[in-house]
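The values are calculated or read from the model by the stated rules, or taken from the named source; none is laboratory data. For clarity, every value in this text was computed on a predicted model and none was experimentally measured. FYI the Cβ positions are ideal-geometry reconstructions off the backbone, even for glycines, and counts take in every protein chain you see.
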Amino acid sequence: MVSLDLLANAVVAGILLGGFYAAVSLGVSIAFGLLDVVNIAHPVFVILGSYAVYVTNTAFGLDPIVAGIVFTPVFYGIGVVVYRIYYVSFEKKGQESLRGLVFFFGVLFIVEVGLTLKYGVDYRLVEAQYIGESLRFGPVGIALRLLVPCVVAVLLTLVLYLYLAKTFVGRAIKAVSQDSLALRLMGADPVKVKDVAFGIAIATASLAGALLIMIGPVEPSMNREYIGRVFAVAVLGGMGSIGGTFLAAVIIGVAESLTSTFFGPSWAVAVSFGVLLLALAVRPAGLFGS
Amino acid sequence: MAVYSYPPDTAGMVLAAHEVGLRPKMFGGGMVGLQFASLLTKLGPKLNGIVNYDFWVPEPTLRFPGIEDFLQRYQAKASSAGVDPLGHYLPPWAYAYLQVLGQAIEATKSLDQQIVADYIRKAEFDTIVGKVRFGSNGEWLQSRVLQVQFQGIETTDIEQFKQPGKRVVLYPEKFKSGTLIYPYSKAKIQ
Amino acid sequence: MGNRLVVRDVQAGYGAVRVLHGVSIEVNDAETVVLLGTNGNGKSTLIKCVLGIVRPDAGEIFLEVDGQRIDLVGKPPEEIVNLGVTLVPEGRRLFPKLTVEENLLLGAYRPGARRHIDRNLAFCFETFPILRSRRKQRAGSMSGGEQQMLAIGRALMAAPAILLVDEPSVGLAPVLVSRVIGKIKELKDRYQLTVLMAEQNFNQATKIADRGYIIVHGRIEFEGHSTRELSENELVKKYYLGV
């Protein structure tokens, strides 16, 4: 007999986990879903964000969330530079599909190995007052190191949603991969629009990195565990739908949490693709896609 | 409650134990990660009461000749090399392995693997982790995996982990340096 | 005063293939000028030259805004659009996955249009009531006629000084062609828009044109100063009226 307390705790933990997955996946949803840029290096930028937060937390005791926000302009800049290199070297020449993928593989390894050389393979953690504390609601306990990331992820989702829906550049970002010449006819330079969009995508990695290292220890090669998961979330969410990405992340979070609670954590890694395959069989455009 | 985990889950387990207010009689076992500075200096007081395996800790019972000098040299280079700044967990053993090999080669004056191996099986060696002797199955004659309890940790400062009394050896009997605080919750409060 | 578009001796093509052999046309303020020609004679290439999508090999293209000359050759499309030259492209080129409203708002992307966005949106909805009721619908899910209305509405959102319309009748049923042409005429009559329209449907185009040019094999073969002059021309009779 399944204990209701256990079930409730597993569902709550899954929702919180899902919120965090959304934060990690939103950047992919923008780059892959809206720009057609297969940035498999996104998770490694999340890890880079974790290390930026780790360094400032250890040196100055800066709160991880504050540190994550402080670094967003730097990550935005990194995103713009990476996209420019990608654009000039591949996209402009129409070689983005295969060589572009190889390019991002290269970026992944350079960042990962760079971090390993600088900080070693030790697991890194951050300190904050609320890490290790929890709230209790009857039988359900909510760890603050999971609740805070989920709340931050909800806010991040809202900000991105509003930005894409309500600003001129935001709408241009949504349009750019549908017809870039038509976008030029609206008076927008598609390359600049993609600069901004990719910059924003990478900027979210800084914040997601802060959330990652708040939840648990981080080491450079961990990014690979997230590659499959974030793409599963982005596709399930309907390629570029911000709200869809959040909901897809929560669905996968809950499914993983239930799986590891009742069938063991070894199965949890298979969940994201399992859910994705099931969903695509029913709705090929993703749960919230057009 | 016995936990066997790799570093990411170790940190998760320790944090979760505090989040859910876990109060078992004992807590710990085979958690990888509670031996290096990167986790010790982040978990700090949350470690109190945990009983976990380790290989070397700075307790008076484990101060063998040469270990101080070794750690001094290691720690001086550790920060610039980007490796564990304490170097308690694996480096002393790694150094001891090479001491064993070196002494065996010197004693046999040979590089023949068979001769060196036969010597290692029979002889006793003086290393920075104490006297080493192997049994017939190739393992140490007497197990040297320690069980230590985290006690009296008040901050996340790294220096405290270089002092005795923070990771008290409970087992093996020969190296015991303190007494178990039991149950877990009692050590946790201290 | 007002706006004027001048194309002078433009030669252009794709690689080794020359499409335009010295084309000159003018569009004056508040005029609707039609560029007539069947497929493959260079209408679209000329429009693309004006907007900077195709770079001419020779010749001048310039805008006169309140007496001031602005050269367009060498400028990228987005810069030309920012000067107030907007295009209703052939095949409409909407953003199919975005809503009708999002498409319209993107039309107002150029800084000069953002200030008047509320006024222009109200104007679009008044001119094309269907767009108001379909506001939240995805553009790709509308019928061809509705999409053409949206494409025109989107171009109007840019508050154009000069509106270029490339083949509005392509892919539309005849009854819809009449309606689209009717709407363009309505805009012209009410707001004195300056329009250059490339079209192969002679009967429809001459309904709204003040005057026009006939382009054949990349050359302007006839300049008609009125629709009457156009309809009486031998070329027109040969190509369009089947006489």
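The residue that is surrounded by the fewest Cβ atoms within 10 Å (Cβ to Cβ), counting only those in region A:123-154 that are assigned to a loop (DSSP other than H, G, I, E, B) and in contact with a Gly (Cβ under 8 Å, 6 or more places away or on another chain), is A:GLU127. Of all the residues in region A:237-264, those that are farther than 15 Å from A:LEU17 by Cβ, of a type outside the set (Val, Ile, Thr) and buried (at least 24 other Cβ atoms within 10 Å of the Cβ) number 3. So, in region C:1-38, of the ones that are under 11 Å from C:ALA198 (Cα atoms) and not in a strand (DSSP E or B), which residue ends up nearest to the chain's Cα centre (by Cα)? Filtering first and then ranking leaves C:GLY37. Could you please find all residues in region C:95-139 being surrounded by 15 or more Cβ atoms within 10 Å (Cβ to Cβ), part of a helix (DSSP H, G or I) and among the small types (Gly, Ala, Ser)? Result: C:GLY107, C:GLY112, C:ALA113, C:ALA139. Evaluating A:THR157 against the criteria (1) away from chain B (no Cβ under 14 Å); (2) surrounded by 14 or more Cβ atoms within 10 Å (Cβ to Cβ); (3) among the polar types (S, T, N, Q); (4) more than 22 Å from A:ASN223 (Cα to Cα) leaves one unmet condition, (4).
Among the residues making up region C:56-78, a single one is surrounded by fewer than 17 Cβ atoms within 10 Å (Cβ to Cβ) and within 14 Å of chain A (Cβ to nearest Cβ): C:PRO76. Cβ-Cβ distances below 9 Å connect the following pairs, each with a first residue in region B:140-157 that is surrounded by fewer than 14 Cβ atoms within 10 Å (Cβ to Cβ), a second residue that is part of a loop (DSSP other than H, G, I, E, B) and not aliphatic (A, V, I, L, M), and a separation of six or more residues or different chains: B:LEU141/B:GLY135; B:GLN142/B:GLY135; B:GLN142/B:PRO172; B:SER143/B:PRO172; B:VAL145/B:PHE55; B:VAL145/B:PRO172; B:GLU154/B:ASN48. When A:PRO284 is tested against (1) surrounded by fewer than 18 Cβ atoms within 10 Å (Cβ to Cβ); (2) part of a helix (DSSP H, G or I), only condition (2) is not met. Candidates in region A:97-117 are the residues that are within 14 Å of another protein chain (Cβ to nearest Cβ), touching a residue at least 60 places away in the same chain (Cβ under 8 Å) and not polar (S, T, N, Q); of these, the one that is surrounded by the fewest Cβ atoms within 10 Å (Cβ to Cβ) is A:VAL113. For region B:2-47, the candidate set comprises residues that are closer than 22 Å to A:PRO265 by Cα, in contact with a helix residue (DSSP H, G or I) (Cβ under 8 Å, 6 or more places away or on another chain) and not in a helix (DSSP H, G or I); within that set, the residue that is nearest to the other protein chains (Cβ to nearest Cβ) is B:GLY33.
Has region A:59-75 got at least one residue that is at pLDDT below 95, within 18 Å of A:VAL218 (Cα to Cα) and touching a strand residue (DSSP E or B) at 6+ places or on another chain (Cβ under 6 Å)? For region A:59-75, residues at pLDDT below 95, within 18 Å of A:VAL218 (Cα to Cα) and touching a strand residue (DSSP E or B) at 6+ places or on another chain (Cβ under 6 Å): absent.
For (1) touching a residue at least 60 places away in the same chain (Cβ under 8 Å); (2) over 24 Å from C:SER24 (Cβ atoms); (3) among the acidic types (Asp, Glu), each residue gets a yes or a no:
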| position | (1), (2), (3) |
| --- | --- |
| C:LEU176 | no, yes, no |
| C:ASP189 | no, yes, yes |
| C:THR194 | yes, no, no |
| C:ASN203 | no, yes, no |
| C:THR206 | yes, no, no |
| C:ALA209 | yes, no, no |
| C:ILE214 | yes, no, no |
| C:GLU221 | no, no, yes |
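For region A:160-220, the helices (runs of 4 or more DSSP H) that sit wholly inside it and include 3 or more residues that are under 22 Å from the mean Cα position of the chain (by Cα) and facing another protein chain (nearest Cβ under 9 Å) are A:168-175. Among the residues in region A:78-87, are any assigned to a loop (DSSP other than H, G, I, E, B), buried (at least 19 other Cβ atoms within 10 Å of the Cβ) and of a type in the set (Gly, Ala, Ser)? No: region A:78-87 contains no residue that is assigned to a loop (DSSP other than H, G, I, E, B), buried (at least 19 other Cβ atoms within 10 Å of the Cβ) and of a type in the set (Gly, Ala, Ser). A single entry from B:GLY82, B:GLY66 fulfils the requirement of being within 14 Å of chain A (Cβ to nearest Cβ) and on the phi > 0 side of the Ramachandran plot: B:GLY82. For the criterion of being part of a helix (DSSP H, G or I) and of a type outside the set (Ser, Thr, Tyr), C:GLU90 fails.
Summed over region A:221-259, residues that are part of a helix (DSSP H, G or I), hydroxyl-bearing (Ser, Thr, Tyr) and in contact (Cβ under 8 Å) with a residue 24 or more places away in the chain total 4. Checking each residue in region C:135-148 for being away from chain A (no Cβ under 12 Å), modelled with pLDDT of 90 or more and closer than 17 Å to C:ARG92 by Cα picks out C:MET142, C:SER143, C:GLU146, C:GLN147, C:GLN148.
One residue alone among C:LEU196, C:LEU172, C:LEU176, C:LEU150 is assigned to a strand (DSSP E or B) and either small (Gly, Ala, Ser) or under 30 Å from A:GLN178 (Cβ atoms) (or both), and that residue is C:LEU196. Yes or no: A:ALA279 within 14 Å of another protein chain (Cβ to nearest Cβ), in contact with a helix residue (DSSP H, G or I) (Cβ under 9 Å, 6 or more places away or on another chain) and surrounded by 14 or more Cβ atoms within 10 Å (Cβ to Cβ)? Considered against the rule, which asks whether it is within 14 Å of another protein chain (Cβ to nearest Cβ), in contact with a helix residue (DSSP H, G or I) (Cβ under 9 Å, 6 or more places away or on another chain) and surrounded by 14 or more Cβ atoms within 10 Å (Cβ to Cβ), A:ALA279 comes out as no. Out of curiosity, is A:VAL140 of a type in the set (A, V, I, L, M, F, W, C), in contact (Cβ under 8 Å) with a residue 12 or more places away in the chain, closer than 30 Å to A:ALA197 by Cα and within 13 Å of chain B (Cβ to nearest Cβ)? In short, no.
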